[in-house]
Amino acid sequence: MLRHREFALLWAGQAVSSVGDRLVMVAMPFAVLSVPGAGAAAVGLVLGASALTMALFVLVGGVVADRVPRQLTMLGSDVVRAGAQGVSAWLLLSGAATVWELVVLQAVYGAAEAFFRPAVLGLVPQVVTPGDEQPANAMLALSTNVSMVLGPALAGVLVAVLGAGGALAVDAGTFVVSAVTLTGLRPRPAAPSSATPFFSQLSGGWQEVRTRSWVWSTLLAFSAYHALVLPAVFVLGPKVALELRGGSAAWGVISAGFGVGAVVGSLLALRWRPRRPGLLIGGSLCLASSQAAICASTLPTWAVAGLEALTGVCVALCFTVWETALQERIPAAAQSRVSSFDYLGSLTLMPLGFVLVGPTAGALGTRTTAIGASVVGAVVCVLVAGAKGLRTLPQNGDQGAELSSSPTR
């Protein structure tokens, strides 16, 4: 895939940018806590600001990415995010930062990211040979998953050496690199979407979702996974690691196990094209739903890390095959809008899960809550995988029937 100039440019920029994303996950809490008087509540405000604005603007981003060249949409997003992180870094390094300034800057960051994510899915088919969408998606996921393993360690070093402000400055630089690679892209022209008002185009995107049972049923499964399973993993997993496994070092091993598995899954997706992609999507997500129960179990740390590696393989395969299915079966002029509905379910329900999982665990117990989250998530995924629309989705599909009924074609 990297022999193809256009894809190689896109991949290089996103590989560098994904490292920056991992830097922020570690550096931003320390950046907020470095502000005099800031505590855990301030960290929540800053992190929540970007999540909130991304959820608010992601449907807008999907429409814009289908109306204007996706390359320009992504370029504008990179420029805005580089500016937001650069100003944040300058305020922190100068000692002038306040919590509310960081909240506003991260709100701008999140709004800009809402335009970038839907555009990526639609741009990939414009820079690869038809039929190469899955290995392209796998390569992009591979760089993200490698950064998930290496990024936190790099972030720790940068925060220790340069401070949290310096780490954010590096993150701003990664967006500049991404923007430079995007300016060099020469993608094939995309099929233009209809020149209709904004809300008509938004409605057209929803039509693409609801008229395909395999799409809306999978989105339901993803919503359950992000609302139930992941909040239980991220909130209850560290708690169990602290109580039973000796603390953060054990949780780091477990998290690294998942990352290694995700890398392996991306490597598999480079070559393997499942004959029944719908069954793989549903089945993989069902197995991935076991993460909450695994992380809250009393198994030894090495066993939990090994099982998490298996779920990492499942998650990487699931999302790579899913993105490929959308690119192959959704009209090119509507792909970003469909992707935006995909992100919307995750972005809105996952924060709600974070809010509810703690009180639920306090009332029912940590392991009961974790097991319940895994069971409910797995049941939803089994039902989705058993639905005819997803179960019978073939490798290449009868795309003609789907596209001819599309209201935006």
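Computed from the coordinates by the stated procedures, all read-outs in this text should not be read as laboratory data. Since the structure is predicted, the reported quantities are computational estimates derived from the model, not experimental observations. Don't worry about glycine lacking a Cβ; one is built from the backbone with ideal geometry, like all the others, and counts go over all protein chains shown.
Calculate I(q)/I(0) for region 65-189 by the Debye formula, one identical point scatterer on each C-alpha and no solvent, and give its log10 at q = 0.10, 0.18 Å⁻¹ to two decimals.
So the normalised log intensities work out to -0.38, -1.06.
Once label points are set 7 Å from the Cα along Cα→Cβ at both residue 383 and residue 1, what is their separation, rounded to one decimal in nm?
Label-label distance for residue 383 and residue 1, simple model: 3.4 nm.
I need the calculated FRET efficiency for the pair residue 45 and residue 180, taking r as the beta carbon distance and R₀ as 35 Å, to the nearest 0.05.
Once rounded, the FRET efficiency stands at 0.60.
Please get the size of the charge dipole for the chain, origin at its Cα centre, with Cβ charges of +1 on Lys and Arg and -1 on Asp and Glu, quoted in debye to the nearest 20.
700 debye
Report the equivalent ellipsoid semi-axes for region 212-404 in whole Å, largest first, defined as the square roots of five times the eigenvalues of the gyration tensor built from alpha carbon atoms.
So the equivalent ellipsoid measures 31, 18, 13 Å along its semi-axes.
What are the membrane-span-like helices in the chain by this rule: whole DSSP H runs, Cα extent along the axis at least 24 Å, mean Kyte-Doolittle hydropathy at least 0.0? Walk me through the numbers before you get to the answer.
Numbers: long enough: 5-33 (43 Å, 1.04); 40-67 (40 Å, 1.80); 70-94 (36 Å, 0.57); 99-127 (41 Å, 1.19); 133-183 (40 Å, 1.30); 248-271 (36 Å, 1.45); 301-329 (41 Å, 0.86); 335-364 (42 Å, 0.81); 366-386 (30 Å, 1.65).
What comes out of the filter, once short or polar helices are dropped, is 5-33, 40-67, 70-94, 99-127, 133-183, 248-271, 301-329, 335-364, 366-386.
What is the list of residues in region 224-248 whose amide nitrogen lies under 14 Å from a point 7 angstrom out from the Cα of residue 298, following Cα to Cβ?
In region 224-248, the label zone of residue 298 (backbone N under 14 Å from the point 7 Å along Cα→Cβ) covers 244-245.
Under the rule a/c < 1.5 gives rounded, and otherwise a/b versus b/c splits prolate from oblate, where does region 238-288 land using the Cα gyration tensor?
oblate
Pull out the extension gain between residue 270 and residue 56, defined as 0.36 nm times the separation in residues minus the alpha carbon to alpha carbon distance; nm, one decimal.
Length difference between fully extended and current span is 73.7 nm.
Tell me the label-point distance for the pair residue 211, residue 356, using the 7 Å Cα-to-Cβ offset, in nm and rounded to one decimal.
3.3 nm
Which order do the peptides 258-268, 142-152, 197-207 take when ranked by the mean count of other beta-carbon atoms within 10 Å per residue, highest first? Could the numbers behind the result be given before it?
On the way: 258-268: 22.2, 142-152: 20.3, 197-207: 15.9.
Packing proxy ranking, top to bottom: 258-268, 142-152, 197-207.
List the cysteines in the chain whose Cβ has no other cysteine Cβ under 4.7 Å from it.
Flagged as lacking a Cys partner: 295, 314, 318.
Region 305-368 to region 267-286: how many Å between their Cα centroids?
16 Å
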